[in-house]
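Here the structure comes first, spelled out in structure tokens, and everything after it is commentary.
Nothing in this text is a laboratory measurement; each read-out follows from the coordinates by a stated rule. None of the values given here were measured: they were computed from a predicted structure. Cβ placement follows ideal geometry from the backbone for every residue including glycine, while neighbour counts extend to all protein chains displayed.
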Amino acid sequence: MGPKSNPMSLVKNQNFVLLLIFVALNVYFATTTQSYFQLGNYFNMLTQNAALLLTAAAATLLMKTGNFDLSTTANLAFSGVLYALLASWGLPLTLAAVITLCAGICFGAINGLLVTRYDISPFIATLGMMCIGGGAALLICGGQSVRTGLPDNFSSLMQTDIFGLPTPIVISFVGITVFWVAANYSLIGKYAMAIGSNKNAAALAGINVDRVVMGLFVLVAIMASLAGIMTASRIGSGDPRVAEFFFMDVIVAIMLGGTPLTGGRGTVIGTVIAAMIVIVIGNGLNMLGILVFWQTVIKGVILIMAVTINEKFTFSRLSEKMSAPGFSQ
Amino acid sequence: MRFLHADPQKVVLIGILAALIVGLTFASPHFLSVTNFTNVLLKVAVIVIIASAANLLMVTGNFDLSVGSVLAFSGILHAYMSKHGVAIELSILITLIVAMGWGGLNALTVSVIGINPVIATVGTLFIARGFALLIARWDGGANIMLGLPRDFVDFGRDPVFGLIPLAIVVMVAAVGTFIFIEKKTALGRKAYAIGANLKSAKLSGINTVGIVSLLYVLVALFAGLSGVLQTSRVGLAAPTVGKGLEFDVIVAIILGGTSMLGGVGSTFGMLLGALVVGFTANGMVLLGIPFYFQTIAYGGILIGTLLLSRKFDAKAAA
Amino acid sequence: MNGQDENIIEIRGIEKSFPGVKALKGVSFGVKRGTVHCIVGENGAGKSTFIKILTGAQPATRGEIKLGGKPFSPHHVSDAIHQGISCLYQELNIVDELTVEENISLGQEKHKFLFPQKADNLEKAGAILADFDSTVSLGDRVGSLSVAQKQIVEITRALVAECSVLVMDEPTAALSLGETTKIMQVIERLREAGMTIIFISHKLSEIFEIGDTVTVLRDGEMVGTQSLEGMSQPDLVRMMLGKVVAEEYIPSTGARDQAVLEARGVSTRKLKDVNFDLMKGEILGFYGLLGAGKTEVAEVLFGHEYRGEIKRDGRVLRFRTERDALRAGFALVPEERREEGIFGLLSVMRNIPLMNLKTVMRRGLVSGKAERDLADKYIDLLQIATSGRNHPVALLSGGNQQKVVIAKCLNRDADIILMDEPTRGVDIGAKQEIHNIIRDLANKGKSVIVFSSELQEITGLCDRMVLMYDGMVRETLRNGDELSTDYILEVVAGKEA
């Protein structure tokens, strides 16, 4: 598929608005604080949120099909703990990472199976896995975070550079690019869109809907698991209670980025810009020395305002287009 | 057979509940006692009180993720005002009104403006939680515990008729009220209609915006009430309580057979769902099983019950 | 051997059971290569089930199908497509968010590592598409097309997939007259090119216009397969129903001399200077093709904004919401039954009072007894076929769902009742009953406005008819003997009156 001239204008517009907000925020923080507009700060922001960006980009594809995953937090915590645990037993880090990712896949496989085979709604299925995974994370470490016996190079994944760029930034950049290409140019993106827009039509066109949805659940699980490994490396331990609101941040970024929960629309770029907006706000308010509690309040206000503007914006354009069918709006 | 056909999920739940009670009676000598049952009920009371209202909200096809934050906020606000010389009754009244304000915010964003409830109520979740933390900080600490007047805790701890804890009385009242609303009032009928088909409901002259808004306000009111009750009983207001409560509430409701899409569900089913969760947790504590197994069991029950009732459904249909 | 050569599809003893229901009870017939084979039957006769089996969407319980002499038992829709059977389903099966080109290739793309290759049949697709509608191009987003255009995209997709058998389930249901003619021409051409077409339609005129052979299904059983040559329309109806239903106009009994509604110069984005009166005790029909403005008139009467003046008993109406309209004594039976009429998950008993809950309230509370009595009253009055008042409405047949919607509306006891396509998708028997109900309402002094795209309904039912074309009222006719359907068709097709 690929970017077409007129059809995507609506989505593109939305992304453009998001981009404007992003730039405006940067200009504001750059002019009001001294330490914001510096390369080091941007590296810092991106390093801290590389896991979020990566997972959100992948989960956009899933959400385009009208499905979503609440168990990413649990998967992240579980994978982080498992990775640290394996490392503390003396396994080479690469091997530990591979085993962790394999375990993380189980989340996606079970989610996908429950949703496709047993027809349980994604909300409930992944909520169940959120409980189970969260418990499992605590279980394997006995409720204590894994700090001792970790090898010296445990945190090196997050601290090394590649061509002068911090490794996590490179990882997330590569990941986002891959998902962007997958969403815009591969059949996965097209099929995800088709399933979210008209599932029946997709199935009748011969698309194996269950397999696509299943595959995307697994993809998101792998990314959440990788996010767990990255987070464990960043904080230098395996903490079962880390990143409590991770799944919410992921979903909020995707929705702010223009993908509705019902699927059928949305872009990876939109998700990434929306995620960056949220990240920049947090960072900028920190720089301004605003109390962290106020930040929570502001985050909520901005969330509601942004979506309100976004929805109204989309709605007015949509209602122009749809004139004939349908009674009462 | 007809009964099975009618509501497999409730049958499954009653079965699980019976099995739990029988099993735990044999497994633990401490299980079958008034103290223990009171304990279980106190634990589920917070969930059930909120879920009574939230159940009817979910019947309309909407839900509220901000209840945990509203509960924490209300607890803190009540404690803060009581500590700073506001009379208990007045403080409770003001707290409940402010709590309804949070519901009003949700009503405005979801029902009037039409934002997806996931985003809108998560926004409220952040804002209410932020203010809870801020009030605690204005008070000068992380929690509000010292300097609370005596009648602050008396309100929560004095049993009604010297017998039953207030929270349990409120829980029974809440469940009773919503069973009544569900069965006997126009509000109940209209809520089901809205969940079954929003467009039809509008064209039938039902004030969809008004009813969904009212239910959001009621949910927030009950969350606020739970906050007041909990803080009073514990004698401590922490701004961090109730994290994840929204999911406990939703799990109880879904376990009870209410569809997230609306149109189906019952208060009684929700009560069964909450009790299953409550007794499971209690049993695990009594049997000395580490707490983290509880969350696993939680998820297992949620998925398991749905799978089981699916199976019953298929059999009943065949 | 001979018969097998001639017949591209051979169907032998197909049965299909669902839990509790036997939808098909042994259907056998052959489809000749290069013909248009029609399948007719009332709702619930088993047409849809049969199509699903033929196209691989559902497996048959028993029986066999041979395609070109070889056993054919598709496990999946794509199996059927690969073996040459494509289908246009009743609901649009098309993805709004994708472009026309992407829709045409959907599910059938050639790809390398999941990256689609440039399709080699693009030119062909473009040519076929241009043949149908030159205003649609391959790069258009499907969501921006009209219903008819979407359908054309679907037909193009089937043709590009090089099917040898094309199944069309009610292809013209949402099309205007001109577009229908166009599709008919295309079918004609396809037949000449040797394509076999299985054509399902409710519109008998189309069957006689295009069909070679017809298979009639009734209650899951096959009534017969016959050549359409020399067959008459009443013959076919007799086969379908087992009885002939002819509807004759019976005037409403009221005086019909007192206007309850006067519309003067009503305009919206779609409507231009619409004028009409509605009399007390009258059935007024609005007739026009798709897009002529019937739905818009209904919308204006039920709360949409307009310029101009609509007076109710001399007072100008300005509704802001549907509720205002209801309060002013209007009630609406909406066009989209499933989406706007019924509450599918709720029981018959719960559905009926929802437009007027007061009828089941006693002392401020819902009375179970009043609710049951009300339900029984309407089940009896409208002859709603349901296993009980607690039966969910979603599980009723289309005609009975429509009766529930009408019951809900009757219970409102409104003076002016708007009925948008009151019998769409309703089988003939129920249709007659619904018409009787409407006539009864008028005789009791209510005023009814019927919006219909079915001329028979308008001429058989309405006392006066308003003919619309392109958002304007072209003519208002009084029903009676000298009514000419040809003339009406000319007017709504745009001829100056």
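General observations
- A convex hull fitted around the alpha carbon atoms of region C:205-345 yields 190 Å³ per residue.
- Estimated from the Cβ-Cβ distance and a Förster radius of 35 angstrom, the FRET efficiency linking B:Asn143 and B:Phe26 is about 0.30.
- Using 0.36 nm per residue and subtracting the Cα-Cα separation, the extra length available between B:Leu90 and B:Leu286 on full extension is 66.6 nm.
- Positive dipole terminus of chain A, leading residue within A:Gly258, A:Phe123, A:Gln48 (C-beta point charges): A:Gly258
- P(r) histogram, all alpha-carbon pairs of region A:102-193 included - 10 Å bins from 0, percent: 13, 22, 35, 25, 6
- Loop-located chymotrypsin sites (Phe, Trp or Tyr not before Pro) in region C:419-497 (DSSP state other than H, G, I, E, B) with a sparse environment of at most 15 neighbouring Cβ atoms within 10 Å are absent.
- Label zone at C:Leu365, where the point sits 7 Å out along the Cα-to-Cβ direction: region B:212-227 residues whose backbone N lies under 17 Å: none
- Note on the protein assembly as shown: dipole from Cβ charges, positive end direction compared against B:Gly244, B:Met171, B:Leu271; the farthest Cα belongs to B:Met171.
- Compactness relative to 2.2 N^0.38 Å, alpha carbon Rg of chain B: 1.01
- Stokes-Einstein D for region A:190-244, Kirkwood Rh over Cα pairs, 25 °C, 0.890 mPa s (µm²/s): 184 µm²/s
- As a size descriptor, the averaged projected area of the C-alpha convex hull of the protein assembly as shown was calculated at 49.9 nm².
- Considering region C:28-156, its Cα convex hull presents a mean projected area of 10.0 nm².
- The alpha carbon radius of gyration of region C:285-388, expressed as a multiple of 2.2 N^0.38 Å, is 1.32.
- Which of C:His391, B:His84 has the fewest Cβ neighbours within 10 Å, and the rest in rising order: B:His84, C:His391
- Sparse packing (at most 15 other Cβ atoms within 10 Å of the Cβ) combined with a DSSP loop state is found for the following chymotrypsin sites (Phe, Trp or Tyr not before Pro) in region A:108-174: A:Tyr118, A:Phe163.
- Taking other Cβ atoms within 10 Å as a rough exposure proxy, A:Cys131, A:Cys106 sort from fewest to most as A:Cys106, A:Cys131.
- Of the chymotrypsin sites (Phe, Trp or Tyr not before Pro) in region C:125-230, those whose Cβ has at most 16 other Cβ within 10 Å and which sit in DSSP loop: none
- Distance cut-off 20 Å, percentage of C-alpha pairs in region C:327-394 lying past it: 32 percent
- Shown is the FRET efficiency for A:Phe43 and C:Met472, computed with R0 = 56 Å from the Cβ-Cβ distance and rounded to the nearest 0.05: 0.25.
- Translational D in µm²/s for region C:351-497 (Stokes-Einstein at 20 °C, 1.002 mPa s, Kirkwood Rh from C-alpha pairs): 125 µm²/s
- Against the rule of thumb 2.2 N^0.38 Å, how large the Cα Rg of region C:87-233 comes out: 1.14
- Chymotrypsin sites (Phe, Trp or Tyr not before Pro), loop per DSSP, at most 13 other Cβ atoms within 10 Å - longest free stretch of chain B: B:1-160
- About its Cα centre, the dipole of the protein assembly as shown is roughly 2660 debye, where the only charges are +1 on Lys and Arg Cβ and -1 on Asp and Glu Cβ.
- Convex hull volume per residue in cubic angstrom - Cα atoms of region B:99-253: 127 Å³
- Relative contact order (percent, whole number), region B:156-242, Cα cutoff 8 Å, 6+ residue spacing: 31 percent
- With the simple model of a label 7 Å out from the Cα in the direction of the Cβ, A:Thr94 to C:Lys70 spans 4.9 nm.
- Taken over the C-alpha atoms, region B:1-112 has Rg and Dmax values of 19.7, 61 angstrom.
- Beta bridges by DSSP in chain C, antiparallel share as percent, to the nearest 5: 55 percent
- Cα coordinate range in region C:395-437, projected on the principal axes (Å, largest first): 28, 21, 16
- Footprinting exposure proxy for A:Met223, C:Met222, A:Met305 (fewest neighbouring C-beta atoms within 10 Å first): A:Met305, C:Met222, A:Met223
- Cα-Cα P(r), chain C, percent of pairs per 20 Å interval: 21, 51, 27, 2
- Rounded to the nearest 20 debye, dipole of chain B from Cβ charges on Lys, Arg, Asp, Glu: 640 debye
- Converting the Cα gyration tensor eigenvalues of region C:406-469 into ellipsoid dimensions via √(5λ) gives semi-axes, longest first, of 18, 15, 11 Å.
- Only DSSP H runs of four or more residues enter the estimate; each adds -39500 (n - 2.57), and after division by the residues of the protein assembly as shown the mean residue ellipticity at 222 nm equals -18000 deg cm²/dmol.
- Candidate aspartates and glutamates - alpha carbon under 14 Å from B:Lys10, same-chain residues fewer than 8 apart omitted: B:Asp313
- Dipole magnitude of chain C about its Cα centre (Cβ charges: Lys, Arg +1; Asp, Glu -1), debye to nearest 20: 1920 debye
- Zero-based 10 Å bins, Cα pair distances in region A:156-252, whole percents: 13, 34, 30, 17, 6
- Dividing the Cα radius of gyration of chain A by its Kirkwood radius returns 0.98 for Rg/Rh.
- Principal axis extents of the C-alpha atoms in region C:27-77 (largest first, rounded to whole Å): 31, 26, 19.
- For chain B, averaging the sequence separation of C-alpha pairs within contact (under 8 Å, six or more residues apart) and dividing by the residue count gives a relative contact order of 36 percent.
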